[in-house]
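This report concerns only the one structure given below.
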Amino acid sequence: MVDKFGRTIEYMRVSITDRCDLRCRYCMPEGCEKVSMSQILTYEEIVRICRVSADLGISRIKITGGEPFVRLGCTGLIREIKSLEGIEEVTVTTNGQTLDKYIEELKDIGIDGINISLDTLDPERYEYITGRGSLEKTLRSIELAASSGIRTKINTIPIKGFNDDEIADMAAMAFRYGIDVRFIELMPLGMADSGIGFSNTEVLKKLKETWPDLEPDGSVHGNGPAVYYKRPGVKGGIGLISAIHGKFCASCNRVRLTSQGQLKPCLSFDLGTDLRPFLGGTDEELREAIRKAICEKPEGHCFDEKDYSSDESAEHRLMSQIGG
Ligand code: SAM
Ligand code: SF4
């Protein structure tokens with residue numbers, strides 16, 4: 001459907017859990033509060049919201065979290081959503097710690113894409129940033145996904161003084177596996193201080209020092225706001241998602257469903273419609289609530305405002321609590 005600023009909203013990111021097997025410092029630091037399981041939408045409720053949203057023109061769904069694969073039965077949910085009328089594409093975002101167990105099933109389901117998050121190629125740094133993860137497991141998942149024929153992307157957050165010396169090494173994975181590597185600017189959510197983020201302008205500068213032949217790639221790589229670059233005759237692409245230094249709100253096509261059933265029209269504001277009361281009513285009532293929430297989508301994010309962190313209307317939850 002079209003929102004009040006003329007944008008076509010056709011993409012919904014669906015968080016199925018706020019739990020995770022990792023503790024990335026910018027997303028889910030140790031000790032961060034979890035929602036009680038009784039507050040989390042059931043799979044039946046999630047499927048119903050996706051089905052009703054499809055009537056309004058939502059045709060692409062991203063399954064996310066938290067870590068989607070820590071919730072039992074995640075692949076069954078993906079299969080059900082994939083079979084809904086009007087849903088053209090279902091993809092998933094994961095940290096890759098357990099993907100090896102699910103890759104065959106995901107292939108069988110016909111999943112349309114897998115995004116794997118990875119911020120460093122150094123085992124010690126990996127353990128530091130994720131609190132507890134194994135780099136080896138995620139690298140293995142990337143290899144498995146890339147060789148499975150499923151569209152695979154790597155998501156990397158550039159962080160000053162942490163991985164800014166690894167930008168070219170991370171990007172090189174795109175050309176090694178013939179996949180996309182995307183650099184995502186850190187957003188100042190919860191405890192993530194965007195001051196430690198590294199701008200994509202600087203990322204591009206570093207990439208061009210390594211590959212002077214890097215050129216803009218106008219072809220469509222997915223649903224998102226990434227601006228892509230490629231090397232002539234080489235498979236694989238580099239995407240830059242520059243929410244802070246390259247505001248792309250005028251072409252935003254998405255809404256987010258939190259694991260507790262809040263439909264959030266914009267990541268940066270503490271705004272959203274609690275869909276749970278409407279789950280007790282008819283499909284028409286639920287559809288109307290979703291339509292209204294989409295209609296209320298703000299014109300642009302407020303991450304770039306000076307007093308963002310003290311602004312009461314700003315989102316103060318972490319990415320893992322909202323759904324990344
Ligand atoms: N656990 C899965 C994963 O790591 O891919 C899915 C959920 S995670 C919240 C989704 C994505 O959000 C990850 O790529 C992560 O790096 C990103 N993310 C988390 N906090 C962020 C922040 N403050 N700014 C930008 N991206 C963030
Ligand atoms: Fe977990 Fe993903 Fe957040 Fe890391 S980024 S803590 S893997 S939800």
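In this structure, is R125 surrounded by fewer than 17 Cβ atoms within 10 Å (Cβ to Cβ), within 15 Å of ligand 1 (Cβ to nearest atom) and modelled with pLDDT under 95? No; evaluated as a whole, the condition is false for this residue.
Is one or more of the residues making up region 284-299 out of contact with any Gly (no Cβ under 8 Å at 6 or more places or on another chain), more than 22 Å from C24 (Cβ to Cβ), assigned to a strand (DSSP E or B) and at pLDDT 80 or above? No, the conditions are met nowhere in region 284-299. In this entry, I111 passes the filter for residues that are crowded, with 18+ Cβ neighbours inside 10 Å, hydrophobic (A, V, I, L, M, F, W, C), farther than 27 Å from E285 by Cβ and at pLDDT 95 or above. Pairing residues of region 126-147 that are within 17 Å of G113 (Cα to Cα) with residues that are surrounded by 15 or more Cβ atoms within 10 Å (Cβ to Cβ) and not hydrophobic (A, V, I, L, M, F, W, C), at Cβ distances under 6 Å and at least 6 apart in sequence or on separate chains, gives T138/G96; S141/G96; A145/T152; A146/T152; A146/Y177.
Scanning region 126-141 for residues that are within 14 Å of ligand 2 (Cβ to nearest atom) and part of a helix (DSSP H, G or I) yields Y126, E127, Y128, I129, T130, L135, K137, T138, S141. Considering L214, L207, the condition of being touching a Phe, Trp or Tyr at 6+ places or on another chain (Cβ under 6 Å), of a type outside the set (S, T, N, Q) and within 19 Å of I241 (Cβ to Cβ) is satisfied by L214 alone. Residues in region 59-71 that are buried (at least 24 other Cβ atoms within 10 Å of the Cβ), within 24 Å of D3 (Cβ to Cβ) and not basic (K, R): 3 in all. Checked against (1) farther than 16 Å from R13 by Cβ; (2) in contact (Cβ under 8 Å) with a residue 12 or more places away in the chain, I184 passes all but a single condition, namely (1). Against the test of being surrounded by 14 or more Cβ atoms within 10 Å (Cβ to Cβ) and of a type outside the set (A, V, I, L, M, F, W, C), the options T130, T201 yield a single qualifying residue, T130. Considering region 25-61, the residues that are at pLDDT 95 or above, within 24 Å of P225 (Cβ to Cβ) and part of a loop (DSSP other than H, G, I, E, B) include one that is nearest to ligand 2 (Cβ to nearest atom), namely I58. For region 101-125, the set of residues classified as of a type in the set (D, E) and in a loop (DSSP other than H, G, I, E, B) consists of D112, D119, D122, listed by residue number.
Within region 241-295, if we keep just the residues that are among the aromatic types (F, W, Y) and over 16 Å from the mean Cα position of the chain (by Cα), the residue that is farthest from R7 (Cα to Cα) turns out to be F278.
Among residues of region 41-62 that are closer than 16 Å to I16 by Cα, those with a beta-carbon under 7 Å from a residue that is of a type in the set (D, E) and assigned to a strand (DSSP E or B) at least six positions away or on a different chain give the pairs R60/E89. Cβ separations smaller than 8 Å between residues 6+ apart or across chains give the following pairs from region 233-257 residues that are without any contact (Cβ under 8 Å) to a residue 40 or more places away in the chain to residues that are part of a loop (DSSP other than H, G, I, E, B): F248/P225; F248/S242. Only a single item in (1) assigned to a loop (DSSP other than H, G, I, E, B); (2) touching a residue at least 60 places away in the same chain (Cβ under 8 Å); (3) under 23 Å from I150 (Cβ atoms) is not met by R176, and it is number (1). Of the conditions (1) touching a helix residue (DSSP H, G or I) at 6+ places or on another chain (Cβ under 9 Å); (2) within 16 Å of ligand 1 (Cβ to nearest atom), V70 satisfies every one except a single condition; which number is it? Going through the list (1) touching a helix residue (DSSP H, G or I) at 6+ places or on another chain (Cβ under 9 Å); (2) within 16 Å of ligand 1 (Cβ to nearest atom), V70 breaks only (1). Hey, can you tell me all the residues within region 242-273 that are under 27 Å from M37 (Cβ atoms), of a type in the set (S, T, N, Q) and touching a helix residue (DSSP H, G or I) at 6+ places or on another chain (Cβ under 7 Å)? If the condition is that a residue be under 27 Å from M37 (Cβ atoms), of a type in the set (S, T, N, Q) and touching a helix residue (DSSP H, G or I) at 6+ places or on another chain (Cβ under 7 Å), then T258, Q260, T273 are the ones that fit. Scanning region 139-154 for residues that are surrounded by 22 or more Cβ atoms within 10 Å (Cβ to Cβ), of a type outside the set (A, V, I, L, M) and closer than 15 Å to K101 by Cα returns a single hit, S141. Evaluate region 263-270: report whether one residue or more is crowded, with 19+ Cβ neighbours inside 10 Å, in a strand (DSSP E or B) and modelled with pLDDT of 95 or more. Within region 263-270, one or more residues are crowded, with 19+ Cβ neighbours inside 10 Å, in a strand (DSSP E or B) and modelled with pLDDT of 95 or more.
Taking (1) within 16 Å of ligand 2 (Cβ to nearest atom); (2) modelled with pLDDT of 95 or more in turn, D180 satisfies each apart from (1).
The values are calculated or read from the model by the stated rules, or taken from the named source; none is laboratory data. Since the model is a prediction, treat every value here as computed from it, not as a measurement. For neighbour counting, all protein chains shown are included, and Cβ atoms are generated from backbone atoms with ideal geometry for every residue, glycine included.
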